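First up is the structure itself, then whatever we jot down about it.
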Amino acid sequence: MTAYIGKRLLAAIPVILGLSIIVFLVMKLIPGDPAQALLGSYATPDNVERINRALGLDRSWPEQYVIWIGNLLQGDFGRSYILNRPVIDEVLDRFGATLVLAGASLLICSVLGIFAGIVSAVRQFGWTDRIVTFFVLIGISMPAFFLGLVFILFFAVQWRLLPASGMYAVYGGGDLPDLLRHLILPAGTLAIVATGVVARLTRAAMLEVLRQDFIRTARAKGLSENAVIYRHAFRAALVSIIPVIGIQAGFVLGGAVYIETVFQWPGLGQMLVKAVSTRDLLLVQGGVLVAATLYVLVNLLADVAQAMLDPRLKA
Amino acid sequence: MRRLIAAAITAASMLFALPAFSQTPPNVLVVGQIAEPKSLDPHAVTAVNDFRILMNVYDGLTRYKDGTLEPEPALAESWEISDDGITYTFKLREGVTFHDGTPLNAEAVKFNFDRMLKEDHPYHDTGPFPLAFYFSAVEEVTAVDDLTVEFKLKEPFAPFLSNLAYPTGLIVSPEAVKENGKDFGRNPVGTGAFKFEEWQANSRVVVTRNEDYWDGAPPLEAVIYRPITDTNTRIAEMLSGGLDVMVEVPPDSLQQFRDDANFSVYEQAGPHVWFLILNMKEGPFAEKAVRQAANYAINKKALVENILQGTAEVAAGPTPPAFAWAYNDELQPYPYDPEKAKQLLEEAGYDGEELTFYVTEGGSGMLDPIAMGTAIQADLQAVGMKVNIETYEWNTFLGKVNPGLEGKADMAEMAWMTSDPDTLPFLTLRTAAWPEEGGFNSSYYSNPEVDELLDQARVSTDPDERAELYKQVQALTNEDAPWLFVANWKQNAVVTSAVEDFELQPDFGLVLRDVSKP
């Protein structure tokens, strides 16, 4: 197992390196540069040149990239052009927030999605199945940023039950209940689509397992229906559900980009949006690098969990 | 399972039972900003959004007199200008200290300008300083004695005192710069009414009352700036009681706040002008009558009332009325007169040639550029001018417009906000400011008389004489119509009824030293 994990981690390195080259090239190819973003309407050629020189952007592209990689290997992510702050500080400040948001959504979508999927499968074509399927389809089809605004409108503005935005209250607060209250709306919104996907696939996996012989045997042995479904059928279905959750991790990380903007969640996604629009290349590189690594790790985790559940996969 | 659900309901009800939104506490003002500040080093930033914090943490040598754009003494108690307009000698206020306890003296002032302007200064690398050119006229700063500082200019430069009042002229603590280096922008130290307390990345910047403020300690104990980038979220946060002040309210929502007794709406015309650059070098707009016809053809009143919903006023010329002292109030905006426009077009022999119109998706001060561009296109169409719109993202747009419109387009949207009536004409209307000379005269306007007037205004140290010269410039450009003059934006803010003595300033700043919230 250790050798397998090691191999997977090594395989991730060229992926992340390739990604950094693509991000670098894309950022260089889109028009505009940090100097223009800083200067706005004052961006005369003279001023732009002066700022570019100060930022080290007057060097050639390959030179800039090699310098960046060289520094990175020594643990230096560089300085954000626009924020004038070490990239690593900014990324770490925001990494925790994204982890909390994405983690909570992943938890919500796994628990709710699996539960809904099982219920749906057990009562296939019954009323429960139809109702669950109806809501799941609505969840999958609704744009999350719009849903987020609707939630804010009702929960924060109309009923004043939950805060509209932010991660902590701006005064007082700062403790766990405060965090949870701020977390409910964004994590819930972010989880909705993923919940739908998990529910649909759990339903399919469960239906397949429920048709198999060992389930009939379990029932014939006189086991209670709960024991048959949760202990036997679900455990078998879990093998195909876990990779789905791994994929949803990527979806949740991607979705965080706009959910963080709507809810003013101080995470990586929001930082990346701003960094791209100000052409803050090093900050984009730093953020993408961390997000990609996280994605690789979560998927590795899912694969390991799957292998542990299914002895056939260990070989 | 049932037990699990019961536990979940209990936990949820505990969360909801807590006061989910608490009214903000007395004497603490929560301001909803449109973005997180880039830095709190006044010399390193360019955005109004950042200035709103900086003006309260720092002072400059001069500041704008309340409600105007006229400089008055701040850290400098008084000044003298030599007859040739080259030497400015400032007498500093006695006993002023920075928040870190170090004294404000002539050496500190010198450090500030040397850091920005001299590439060999040991702390120049704490930049870059994008707006340092506001002070490019400065040749040398000398500390004459502890409280006297002398600026020697390369040439007479009349906007100097206004530029000192601009946020780029705010004075920072040299000791704090030396201590924090490049991270000074995250650990700001000034002399202002509020002291920097903490900056929590992307969630808040907190400043607290400076008890020793030279102009009297402010009534507020603290101000919390919250960045909320999404407009809808910002409005929701204001409506749900999480903010005391919200700036840059979109026109669509202003009415909602106006109708609600819990809120007051403030508006203030600022030094802003929204216009179309017309390409005078080639194509139909090379002809003065065609440019004037376009000015007559646009229903500017409908633009500001319908699209901008009263958040702007119709512009008459290149200088916004906010510069009251230099504004030519005899000047009238081109009236909406499509018949006259058609007649002028006919006289000029306009043959229906198609026009290319650069529109941006959004950008600093651009208001609602796509809707405005479309309305302008329709108005021009109505008098027989066929206009093709090309839309670009802001940075790309600037990259196309700033180098000049020649060979690319006939017209382009643009907006400016400036600190002095000199800046905009100087950068955009002089012959010497054509793009190839490094200026922003993208319409290739050239009128020797205007050039001469602007040169004179720049070197004159008599405000009345300067005002007279600028008024003549406005009259001339109004007649020549190198631009299509459209609108002057009014800055707005909504505050809750708990906030007292709130005022918006014409420089788009947010000065909070007199605001209270008992």
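What the table below lists for this structure:
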quantity: Strands (runs of 3 or more DSSP E) wholly inside the range B:1-92 containing at least 1 residues that are within 10 Å of chain A (Cβ to nearest Cβ) and modelled with pLDDT under 95; calculated: B:28-33
quantity: Identity of the residue in the range A:79-111, small (G, A, S) and buried (at least 19 other Cβ atoms within 10 Å of the Cβ), that ends up nearest to A:Q285 (Cα to Cα); calculated: A:S80
quantity: B:A433 vs. criteria among the small types (G, A, S) and buried (at least 20 other Cβ atoms within 10 Å of the Cβ); calculated: yes
quantity: Selection status of A:A256, touching a residue at least 12 places away in the same chain (Cβ under 8 Å), surrounded by 18 or more Cβ atoms within 10 Å (Cβ to Cβ) and either not polar (S, T, N, Q) or not in a helix (DSSP H, G or I) (or both); calculated: yes
quantity: Tally, over the range A:57-98, of residues that are within 9 Å of chain B (Cβ to nearest Cβ), under 27 Å from B:G399 (Cβ atoms) and of a type in the set (K, R); calculated: 2
quantity: Residue check for B:L405: over 20 Å from B:N441 (Cβ atoms), outside any strand (DSSP E or B) and not β-branched (V, I, T); calculated: no
quantity: Which numbered condition B:A415 misses (of (1) more than 13 Å from every other protein chain (Cβ to nearest Cβ); (2) outside any loop (DSSP other than H, G, I, E, B)); calculated: (1)
quantity: Residue list for the range B:456-510, filter: crowded, with 20+ Cβ neighbours inside 10 Å and at positive phi; calculated: B:A481, B:F508
quantity: Matching option when the condition is more than 16 Å from the chain's Cα centre (by Cα) and within 16 Å of A:L99 (Cα to Cα), among A:L190, A:L176; calculated: A:L176
quantity: The range A:37-56: number of residues that are over 21 Å from B:T418 (Cα atoms), assigned to a helix (DSSP H, G or I) and more than 7 Å from chain B (Cβ to nearest Cβ); calculated: 4
quantity: Residues of the range B:77-95 satisfying the condition of being closer than 16 Å to B:S460 by Cβ and of a type in the set (D, E); calculated: B:D83, B:D84
quantity: In the range B:191-215, the residues that are of a type in the set (A, V, I, L, M) and touching a residue at least 60 places away in the same chain (Cβ under 8 Å); calculated: B:A193, B:A201, B:V205, B:V207
quantity: In the range B:426-444, the residues that are out of contact with any helix residue (DSSP H, G or I) (no Cβ under 7 Å at 6 or more places or on another chain) and away from chain A (no Cβ under 14 Å); calculated: B:S443, B:Y444
quantity: Single residue of B:P218, B:P251 found to be buried (at least 19 other Cβ atoms within 10 Å of the Cβ) and out of contact with any Gly (no Cβ under 6 Å at 6 or more places or on another chain); calculated: B:P218
quantity: Among the candidates B:L161, B:L131, B:L117, B:L147, residue that is among the hydrophobic types (A, V, I, L, M, F, W, C), touching a residue at least 60 places away in the same chain (Cβ under 8 Å) and within 27 Å of B:D83 (Cα to Cα); calculated: B:L161
quantity: Qualifying helices (runs of 4 or more DSSP H) (wholly inside the range A:115-225; at least 3 residues being more than 10 Å from every other protein chain (Cβ to nearest Cβ), buried (at least 16 other Cβ atoms within 10 Å of the Cβ) and modelled with pLDDT of 90 or more); calculated: A:176-210
quantity: Identity of the residue in the range A:5-36, surrounded by 14 or more Cβ atoms within 10 Å (Cβ to Cβ), part of a helix (DSSP H, G or I) and small (G, A, S), that ends up modelled with the highest pLDDT; calculated: A:S20
quantity: Every residue from the range A:163-196 that is hydroxyl-bearing (S, T, Y) and touching a Leu at 6+ places or on another chain (Cβ under 8 Å); calculated: A:Y168, A:T189, A:T195
quantity: So B:L117, is it more than 17 Å from B:L54 (Cβ to Cβ), within 14 Å of chain A (Cβ to nearest Cβ) and touching a strand residue (DSSP E or B) at 6+ places or on another chain (Cβ under 7 Å); calculated: yes
quantity: Pick from the range A:238-289, criterion among the aliphatic types (A, V, I, L, M) and more than 17 Å from the chain's Cα centre (by Cα), ranking: farthest from the other protein chains (Cβ to nearest Cβ); calculated: A:V239
quantity: Spans of strands (runs of 3 or more DSSP E) in the range B:206-322 with at least 3 residues away from chain A (no Cβ under 13 Å); calculated: B:263-269, B:312-314
quantity: B:D260 vs. criteria surrounded by fewer than 17 Cβ atoms within 10 Å (Cβ to Cβ) and free of Cβ contacts under 8 Å to residues at least 12 places away in the same chain; calculated: yes
quantity: Single unsatisfied condition, A:A169 versus (1) under 21 Å from the mean Cα position of the chain (by Cα); (2) farther than 30 Å from A:R211 by Cα; calculated: (1)
quantity: Residue ID - nearest to B:V304 (Cα to Cα), chosen from residues in the range B:344-389 that are within 14 Å of another protein chain (Cβ to nearest Cβ) and assigned to a strand (DSSP E or B); calculated: B:T360
quantity: Tabulated pairs, the range A:179-208, first more than 30 Å from B:G242 (Cα to Cα), second surrounded by fewer than 24 Cβ atoms within 10 Å (Cβ to Cβ) and among the polar types (S, T, N, Q), C-beta under 7 angstrom, 6+ apart or interchain; calculated: A:V198/A:S110; A:A205/A:S240; A:L207/A:Q124
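Quick grid of which residues meet (1) within 30 Å of A:A37 (Cβ to Cβ); (2) assigned to a loop (DSSP other than H, G, I, E, B):
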{"residue": "A:R235", "(1), (2)": "no, no"}
{"residue": "A:I247", "(1), (2)": "no, no"}
{"residue": "A:V252", "(1), (2)": "yes, no"}
{"residue": "A:Q264", "(1), (2)": "yes, yes"}
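The values are calculated or read from the model by the stated rules, or taken from the named source; none is laboratory data. The structure presented is a predicted model; accordingly, all values stated were derived computationally and were not measured. Positions of Cβ are generated from backbone atoms using ideal geometry, with glycine treated the same way; all protein chains shown enter the neighbour counts.
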